[in-house]
1. Does the range 395-409 contain any residue that is modelled with pLDDT under 95, open to solvent by 50 Å² or more (accessible area, probe 1.4 Å) and under 29 Å from residue 260 (Cα atoms)?
2. When you check residue 292 against the structure, is it touching a residue at least 12 places away in the same chain (Cβ under 8 Å), within 13 Å of the ligand (Cβ to nearest atom) and among the hydrophobic types (A, V, I, L, M, F, W, C), yes or no?
3. Among the numbered criteria (1) touching a residue at least 24 places away in the same chain (Cβ under 8 Å); (2) open to solvent by 30 Å² or more (accessible area, probe 1.4 Å); (3) within 14 Å of the ligand (Cβ to nearest atom), which single criterion is violated by residue 101?
4. Quick one: which residue in 226, 239, 218, 189 is touching a Phe, Trp or Tyr at 6+ places or on another chain (Cβ under 6 Å), in contact (Cβ under 8 Å) with a residue 40 or more places away in the chain and not hydrophobic (A, V, I, L, M, F, W, C)?
5. Would you check which residues across the range 413-427 are assigned to a strand (DSSP E or B) and either over 18 Å from residue 442 (Cβ atoms) or open to solvent by 20 Å² or more (accessible area, probe 1.4 Å) (or both) and list them?
6. In the range 218-247, what residues are touching an Asp or Glu at 6+ places or on another chain (Cβ under 7 Å) and either over 20 Å from residue 115 (Cα atoms) or more than 16 Å from the ligand (Cβ to nearest atom) (or both)?
7. Can you tell me which residues in the range 139-162 are away from the ligand (no atom under 11 Å from the Cβ), at pLDDT 95 or above and open to solvent by 10 Å² or more (accessible area, probe 1.4 Å)?
8. Residues in the range 265-277: is at least one within 25 Å of residue 330 (Cα to Cα), in contact (Cβ under 8 Å) with a residue 40 or more places away in the chain and surrounded by fewer than 24 Cβ atoms within 10 Å (Cβ to Cβ)?
Amino acid sequence: MRHRDPAWNPAAGSAGAGLPRVAWGKGLYVYDTAGRRYLDASGGPAVFCLGHGNDEVNAAITRQLERIAHGYRYSFTSDPLEELEQLIGAAAGPGFESMVFVSGGSEAVESALKIALQYHTARGARARRRFIARRRSWHGNTLGALAVSDFAARRAPFEGALTEASFIPAVNAYRPPAGVAPEELARHGAAELEREILAQGAERVAAFIFEPVVGAAGGVVPAPAGYAALVREVCDRHGVLMIADEVMCGSGRCGSWRALAQEGVTPDLFAIAKGLGAGYLPLGAAVYHRRIAEVIDAADGGPLTGHTFTGHTAACAAGVAVQTIVRRERLVERVAAEGPRFMAALSAELADVEAVGDVRGRGFFVGIEFVAERATRRPFAPELGFAGRVGRAGVELGLLCYPVSGIVDGVEGDAILLAPPYNATAQELAEIVALTSRAIRRALAGRPAR
Ligand SMILES: Cc1ncc(COP(=O)(O)O)c(C=O)c1O
């Protein structure tokens with residue numbers, strides 16, 4: 001699939017256009033068929049949390065393929081599937097032993113939405129059909145996940161066919177609503193949710209879905225401290241389920257295995273994908289709490305959602321290998337320890353660049369937001385395609401980052417995402433900082449005067 005949005009595709013629009021042809025990868029580096037080397041600073045879209053070409057993961061997949069690729073779910077269970085359930089259950093914390101395995105993030109979100117609906121139906125609350133989501137959020141490309149996503153460019157061709165959802169304002173400390181003081185932002189955001197639940201009628205609302213740290217749609221936006229706990233209270237007050245979309249920010253990326261764990265908050269359901277299988281095979285999961293499982297198991301015997309490749313045996317074997325390494329090498333703890341140093345190094349390196357408005361994030365999940373004017377936080381004109389320019393400058397220098405645009409209001413606003421592998425060395429992280437700085441400065445130097 002080719003995307004015309006230059007912020008999505010760092011190579012589009014560059015001299016000669018056309019994407020490089022990938023050949024192989026090892027660790028942080030990817031090589032194309034022309035022999036060029038790229039430092040993969042974003043792990044693609046925050047996926048490759050162990051880097052590329054991990055021998056242990058590849059060997060586990062090969063061993064599984066030599067036995068059988070997949071035992072179809074209506075005929076078999078498998079060791080890899082059950083081992084992965086155990087590993088996720090242990091990492092996610094008490095109550096999370098129920099899950100549906102899928103092939104990616106959109107399917108994971110889609111499954112979480114459906115399980116929430118199934119739960120309400122099973123309880124006799126069939127009127128609870130509506131989802132509430134936030135502005136500037138991304139939950140995926142299937143119709144259900146897209147319907148709860150606020151990403152104008154990605155929704156536009158499908159408007160009119162998307163299930164109606166409610167969108168409440170984004171909660172972004174760098175761009176707070178007018179008149180809301182920073183210390184009030186968490187409470188204000190939670191109050192917006194409660195207002196919308198009451199406006200819709202709580203008896204009609206199935207769930208609130210949000211990214212604990214917004215990824216592509218916001219340019220890595222962590223919610224302010226206390227927000228998730230307040231949201232939990234609002235949801236509980238009104239019988240509304242809380243769905244955490246941790247497809248990008250979860251599986252250890254933010255320095256705790258569940259992103260929300262560091263807030264001390266337990267959602268009813270959460271979606272994971274990207275870092276779960278680290279990109280070695282397509283894998284995702286919708287994980288739901290025992291209190292949800294008990295209701296749907298009693299009514300229906302289990303979740304009424306799934307696909308041909310649900311619990312794909314080789315994909316689960318990849319997931320087991322990845323999660324075993326993450327646990328054995330204490331990589332989530334490493335991300336928690338190194339993340340603040342990485343972000344501080346980026347902030348220091350970019351301090352003199354007027355166009356860098358904000359450097360933010362959690363763990364090894366960092367966003368750099370660009371502005372035309374630091375003092376007023378005015379974004380660049382969208383025609384400039386500044387994020388795409390940084391992406392292309394990076395490619396010219398042998399750096400892969402993830403440019404995103406439209407992060408302020410769906411049209412304006414530019415950022416890049418960085419998401420190094422959890423096992424990146426201090427030297428590799430320093431190289432990312434240096435190359436990112438060069439890419440930004442190069443993009444600025446090549447920017448037409450306005
Ligand atoms: C937060 C979030 N949810 C869902 C998705 C969809 O995942 P996928 O592209 O694997 O379908 C993404 C993808 O970027 C994401 O960032």
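The values are calculated or read from the model by the stated rules, or taken from the named source; none is laboratory data. In this text, all values refer to a predicted model and were calculated from it rather than measured experimentally. FYI the Cβ positions are ideal-geometry reconstructions off the backbone, even for glycines, and counts take in every protein chain you see. Each accessible area value is taken on the protein alone, full model and side chains, heavy atoms only, with ligands, DNA and RNA left out. Shrake-Rupley method; radii C 1.70, N 1.55, O 1.52, S 1.80 Å.
1. The answer is yes, given that some residue of the range 395-409 is modelled with pLDDT under 95, open to solvent by 50 Å² or more (accessible area, probe 1.4 Å) and under 29 Å from residue 260 (Cα atoms).
2. No, not satisfied.
3. Of everything listed in (1) touching a residue at least 24 places away in the same chain (Cβ under 8 Å); (2) open to solvent by 30 Å² or more (accessible area, probe 1.4 Å); (3) within 14 Å of the ligand (Cβ to nearest atom), residue 101 misses just condition (2).
4. After applying the criteria, what remains is 189.
5. Correct list: 417 only.
6. Residues satisfying the conditions are 219, 228, 229, 234, 241.
7. Answer for the range 139-162, where residues must be away from the ligand (no atom under 11 Å from the Cβ), at pLDDT 95 or above and open to solvent by 10 Å² or more (accessible area, probe 1.4 Å): 143, 144, 150, 157, 158, 159, 160, 161, 162.
8. Yes, that holds for at least one residue.
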